[in-house]
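Every read-out reported here was derived from the displayed coordinates using simple, explicitly stated rules and does not represent laboratory data. Nothing here was measured: the structure is a model prediction, and the numbers come from that model. We place every Cβ from the backbone using ideal geometry, glycine too, and count neighbours over all the protein chains shown.
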Amino acid sequence: MKRDEAIRKAKDYLVPTSLLSDIVPADEGPVIVRADGSLSFDTEGKAYLDFNSGQMCSTLGHNNPRIQKVIEEQSKVLTHASTVYYNVPQVELAEKLASINDAPLKKSIFGESGSDSNELAVLLARRATGRNAIGALTQSFHGLSDSTRAISFAAASTGYGPPMPDVHAIPTPYCYRCPYKSEGKGCCMAPLHFGMETLDRMAGGPPAAVIVEPIISAGGVIEMPVEYLQGLRKELDKRGALLLYDEAQTGLGKLGTMFAYQACGVKPDVLTLSKHLGGGLAISATVCSDDVSARATRNGFSTGHSHASDPLVCKAGTASIDEILNHDLMKRAVEIGDQWQASIRALQQKYEVIGDIRGRGLLQGIELVKDRRSKDPAPELAADVYRYCLANGLMFSVRGKYKNVMRFVPPFTTTNQQLDDAVEILEKAIRKGLG
Ligand SMILES: Cc1ncc(COP(=O)(O)O)c(C=O)c1O
């Protein structure tokens, strides 16, 4: 099918849903037909450096051979099974996840998306603690199901009816734009103190949990200061509340360690994983300790979506972890991240509009500003740069509170040459955007 026909049919038969429709509406963008490694191809045969890794689920590279083999073999054995009885690939994946996590994170529940893994984390925390109140950061994004919209303050969530009650926004430690401390290096801890005070008051008692991402992704690639996470852990421990990490974007090797919590040294009580867990297939996991599992079970916790723990996707999950371990992809993530940051820092010397460079490994952000002194956000420039890059074969996304943060998630398969090619397109785009 060629582009014109695909777009015509899409207009006839699909409800428009794109989150980037204000920059390039879906019917003006490419229609993707195939992909390979770090490249996606449209109906006209044009190649794109996919620095979005699809929707960040193909970070192992599109069409990873190990995942292809698993799909082929497992599809002849068992693709779907009951969720009320165990199946072997489900048990194997749970054991594998326990083996790559640090104690006491040991027990898993499987789902199909990042949204349902986070919803399960909230449900587990509520059942385990017997409390309701949940804190989430003002720049949070944890999904677009009804309950995760409620804990996603960075996402548009008006006009969909009342959100889930007893959820409270707490300030994001956004060092580059911190209102409490203008020159961000480290954390002054004011966001934590205001956040906990708000949460205590709003909850009318100790909360059940706070959910955070170790690097906030859609909210603008904001790195959480380690001191903030250490302080949050302490405050929650004092209250008998749980710390939930959404590692959809930071887990499974992307930042150079298997999980972000291993780098920052602050462990959560519940961890959620999704995105490339299935190597391109839809599976997510919510991982917790024996203690959290036992408390939730004692209080009557149960769940089960029809496709949760499908053997086909569980097999893909185990294969994707093996791929990361066997090919030392964590090391490759560091190399990619270092090369990328060196190139972007060189661009920053030339272009005043590159305000801040953030992220690690395969999760990188560039915040565009009108000038570095005022730090006034430059969303129009970000949109122009995005459009030029897309037209010239580089895909990424634009995120953040001001829609001025360009987010890049290249797959592990990206070569040094492809990184250079992407930077070249990006530089041309910035030059063009500046007129
Ligand atoms: C950190 C984070 N959590 C959760 C989600 C939601 O995942 P899904 O779209 O698979 O429901 C996303 C999606 O981008 C995400 O970035």
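Have a look at LEU105, LEU19, LEU273 and tell me which one the Gaussian network model of the chain (Cα, springs below 10 Å) gives the largest fluctuation.
LEU19
Name the long-range amide H neighbours of ILE283: under 5 Å, sequence gap of 5 or more, or other chain; modelled H, no Pro or chain starts.
GLY278
Would you look at the GNM of the chain, springs on alpha carbons closer than 10 Å, and say which of GLU323, GLU28, GLU223 moves the most?
GLU28
Would you mind checking LYS11/LYS403; LYS46/LYS428; LYS96/LYS267; LYS234/LYS331 for any pair whose Cα atoms are more than 29 angstrom apart?
Over 29 Å Cα-Cα: LYS234/LYS331.
With each pseudo-label sitting 7 Å past Cα toward Cβ, what's the ASP322-ASN416 distance in nm, one decimal?
3.1
Do any chymotrypsin sites (Phe, Trp or Tyr not before Pro) in the stretch 24-97 lie in a DSSP loop with no more than 14 other beta carbon atoms within 10 Å, and if so, which?
Loop-located and lightly packed - TYR85, TYR86.
So between ASP146 and GLN339, what do we pick up on full extension, going 0.36 nm a residue minus the alpha carbon distance?
This chain segment gains 65.6 nm when fully extended.
Kindly write out, for the stretch 78-94 in residue order, the coupling ³J(HN,Hα) from the Karplus curve 6.51 cos²θ - 1.76 cosθ + 1.60 (θ = phi - 60°), rounded to whole Hz, with x marking Gly and Pro.
6, 8, 9, 8, 4, 9, 8, 10, 6, 10, 5, x, 5, 5, 4, 5, 4
What does the charge dipole of the stretch 284-435 about its Cα centre add up to, to the nearest 20 debye, if the Cβ of each Lys and Arg holds +1 and the Cβ of each Asp and Glu holds -1? Walk me through the numbers on the way to the answer.
Details: 21 positive and 19 negative charges, 119 e Å.
Dipole magnitude for the stretch 284-435 comes out near 580 debye.
So what's the Cα pair-distance distribution over the stretch 67-326, bin width 5 Å, in %?
Over the stretch 67-326, the share of Cα pairs per 5 Å bin runs 1, 6, 13, 18, 19, 17, 12, 7, 4, 2, 1, 0 percent.
With the chain treated as a Gaussian network of Cα nodes joined by springs under 10 Å, which of ALA26, ALA47, ALA308 yields the largest mean-square fluctuation?
Fluctuation is largest for ALA26.
Listing ARG407, ARG8 from the residue with the fewest other Cβ atoms within 10 Å to the one with the most, what is the order?
Details: ARG407 23, ARG8 12.
Ascending Cβ contact count within 10 Å gives the list ARG8, ARG407.
Taking the Cα-to-Cβ direction at TYR86 and at ALA282 and moving 7 Å from each Cα, how far apart do the two end points lie in nm?
Between TYR86 and ALA282, the simple spin-label model gives 2.7 nm.
What GluC sites (Glu not before Pro) does the stretch 101-185 have in DSSP loop regions with at most 16 other beta carbons within 10 Å?
Details: sites: GLU112, GLU119, GLU183; in loops: GLU112, GLU183.
Of the GluC sites (Glu not before Pro), the ones in loops of the stretch 101-185 whose Cβ has at most 16 other Cβ atoms within 10 Å are GLU183.
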